[in-house]
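Encoded as structure tokens, the structure appears first; notes follow it.
The values are calculated or read from the model by the stated rules, or taken from the named source; none is laboratory data. These figures come from a predicted structure and were not determined experimentally. Heads up, the Cβs are rebuilt from the backbone with ideal geometry, glycines too, and the neighbour counts pull from every protein chain shown. Surface accessibility is based on the protein's heavy atoms, side chains included, excluding ligands, DNA and RNA. Shrake-Rupley method; radii C 1.70, N 1.55, O 1.52, S 1.80 Å.
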Amino acid sequence: MAYAGLGYVDAVKDLATAVGMQVPETRAPGPEEAARKEREPDLYAVMEKAMDFYRAQLKQSPKAIQYLKQRGLTGEIAARFRIGYAPDDWQALKSVFEEYSQSPLVECGLVIENEGKRYDRFRDRVMFPIFSARGAVIGFGGRVIGDGEPKYLNSPETPLFEKGREVYGLVQARDSIRSAGRVVVVEGYMDVVALAQFGIGYAVATLGTATTPAHVSKLLKLADELVFCFDGDAAGRKAAWRALEVSLPLTLDHKPVRFLFLPEGDDPDTYVRKHGMDELEKLVRAAPTLTEFLLAELRGQVELSTAEGRARFLALAKPHIQKVAARALKLQLVKEAARLAGVTSEEAESMFEMVPPRAYGSFAPVRRSFSPPSSAEWRLLARVAICPALAAEMDLSLVDMRLPESQALNELAGWYREHGVTRTVSDAMLIERFRDSAHAELLFQAQAYGLELKESEEQARQYFQHAVCKLEIKRKNREIRSLGERLSRGLLTKEEHVEYGRMISEVKALELRLQTDGRSAH
Ligand code: UTP
Ligand code: MN
């Protein structure tokens, strides 16, 4: 896990693959999933071939070489990062892919299909390949040469590439991260490359997205110290604040997180070229810690010289401090906040309603006493938990939002949709994402329950539809009852009469469907 920066499950799979073994899946894959799994190796091969093509093209393009030189890149560093060039041609990839008109290229995001026409996504751009932690090419970032919009064009999300989980430059940085014990997260491809050229090899970049929990936990596994580096402008501070919020629940007592702000107008690339590696490393080492950054930002929003300001300061600090997972760090934060607000630590603690932090481990024992709810909503939740693709089909207006399982479903489906999650996520990931949620336990139980059912994707989908059908019947019956009541009082309009009849036959049809399905859902 530490070596490749992978989660437990991925690390086991990686190891197994290396020795020719296969890790059994908890849930039998449905036909669709199995087909996709089979295609994945092809997609990796396609990406690799495209990278080789772009690299060869760079050698033949004086214009692209000139651009990189002018930006100060050496040939050595371009080779290290496998930088390439996509020629100015609508179908350049055709020269290396005989199967240009087949789907893998589209699925990889290299070719765009539009109204029956196909063309290369990347044209006349400097190409930065993005590698997975295991070293496979999973995406590209393409920079326009000179000015133009968009400055960087990135691969879309594909079966291989999930932006919120990946960082740029990890493969190249791994050894330096280990020897420095530190990882610096910057914002741009060029920053990573320039820092490496100037001797700071432990930098990686997020991929044009905000920092995610997946980023933070991945990087905290690799290094003892995590330093976020942002531009010194307003946008940089905003991005830093977002990174801070994401980091709070993931902090560890023995791994400091820092926030470095460069002087306005500079990014790591320009800074290191102007001032050199030593100066930048000095800044990195002296970067404000998470505690310092958090408290400084909050102080900036209040007047500590007034009682009202100090009260507001504590109120602002409360939700953030409550989120901190690391116990010793949390204690320090409380003390610092208390000192600034002129109260004792005990007073601050009681105001922050400090409850003992919930450790991962505390989820496990709940299982003993857990008895699953019997609602259709719970059964839906279990299926959506193990089969995220179902989230897109979920009509949340059907569920009874007063039930905790419905609220959990709402949260989970919302998250899946927002992040376009279509594949099962690990329980670790689920815990990580929802540990602060009021429904954390329920979600975790639902996933465990779902997995225990050992259904195939298709079966899960059937039971899901079964439960949806039941909920639809329930909703229709409610309406029928209220119409029926008004009918008995002679209050129905002609249209409502028709509606009433229609609903009754619809319910009959739905009930018939349930019966002919011949299944009793779990
Ligand atoms: P910046 O606009 O700060 O560019 O974007 P940069 O990294 O300094 O690049 P150079 O030095 O002008 O070449 C930072 C990062 O945001 C993402 C990219 O990942 C980029 O590296 N980005 C930016 C995009 O994805 N698309 C864009 O159009 C711009
Ligand atoms: Mn730049």
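Yes or no: the stretch 159-178 includes at least one residue that is among the polar types (S, T, N, Q) and outside the structural domain of M47 (by TED's automatic domain parsing). Checking the stretch 159-178: at least one residue is among the polar types (S, T, N, Q) and outside the structural domain of M47 (by TED's automatic domain parsing).
The number of residues in the stretch 167-187 that are crowded, with 19+ Cβ neighbours inside 10 Å and either within 14 Å of A133 (Cβ to Cβ) or within 22 Å of the chain's Cα centre (by Cα) (or both) comes to 14. Tell me yes or no: at least one residue of the stretch 110-126 is away from ligand 1 (no atom under 11 Å from the Cβ), open to solvent by 20 Å² or more (accessible area, probe 1.4 Å), under 27 Å from L280 (Cβ atoms) and of a type outside the set (F, W, Y). Looking for residues that are away from ligand 1 (no atom under 11 Å from the Cβ), open to solvent by 20 Å² or more (accessible area, probe 1.4 Å), under 27 Å from L280 (Cβ atoms) and of a type outside the set (F, W, Y), one finds none in the stretch 110-126, hence no. Filtering the stretch 270-313 to residues that are within 16 Å of ligand 1 (Cβ to nearest atom) and either among the hydrophobic types (A, V, I, L, M, F, W, C) or out of contact with any Leu (no Cβ under 9 Å at 6 or more places or on another chain) (or both) leaves V272, R273, K274, L280. Inspection of the stretch 201-216 identifies no residue that is more than 22 Å from the chain's Cα centre (by Cα) and within 16 Å of ligand 2 (Cβ to nearest atom). Is the stretch 189-197 home to any residue that is more than 16 Å from ligand 2 (Cβ to nearest atom), in a helix (DSSP H, G or I) and open to solvent by 30 Å² or more (accessible area, probe 1.4 Å)? For the stretch 189-197, residues more than 16 Å from ligand 2 (Cβ to nearest atom), in a helix (DSSP H, G or I) and open to solvent by 30 Å² or more (accessible area, probe 1.4 Å): absent.
Taking the stretch 245-269 as the range and being without any contact (Cβ under 8 Å) to a residue 60 or more places away in the chain and either in a helix (DSSP H, G or I) or more than 16 Å from ligand 1 (Cβ to nearest atom) (or both) as the test, the residues that pass are V246, S247, H254, K255, P256, V257, R258, F259. Pairs are defined by a Cβ separation below 6 Å, a sequence spacing of at least 6 or placement on different chains, a first member in the stretch 150-172 that is free of Cβ contacts under 8 Å to residues at least 24 places away in the same chain, and a second member that is within 15 Å of ligand 1 (Cβ to nearest atom) and not in a helix (DSSP H, G or I); the pairs so defined are K151/V144.
On the basis of being assigned to a loop (DSSP other than H, G, I, E, B) and crowded, with 19+ Cβ neighbours inside 10 Å, does A325 make the cut? Yes.
Looking at the structure I just gave you, is A408 touching a His at 6+ places or on another chain (Cβ under 8 Å) and aliphatic (A, V, I, L, M)?
On the way: touching a His at 6+ places or on another chain (Cβ under 8 Å): yes; aliphatic (A, V, I, L, M): yes.
Here the answer is yes, as A408 does meet what is asked.
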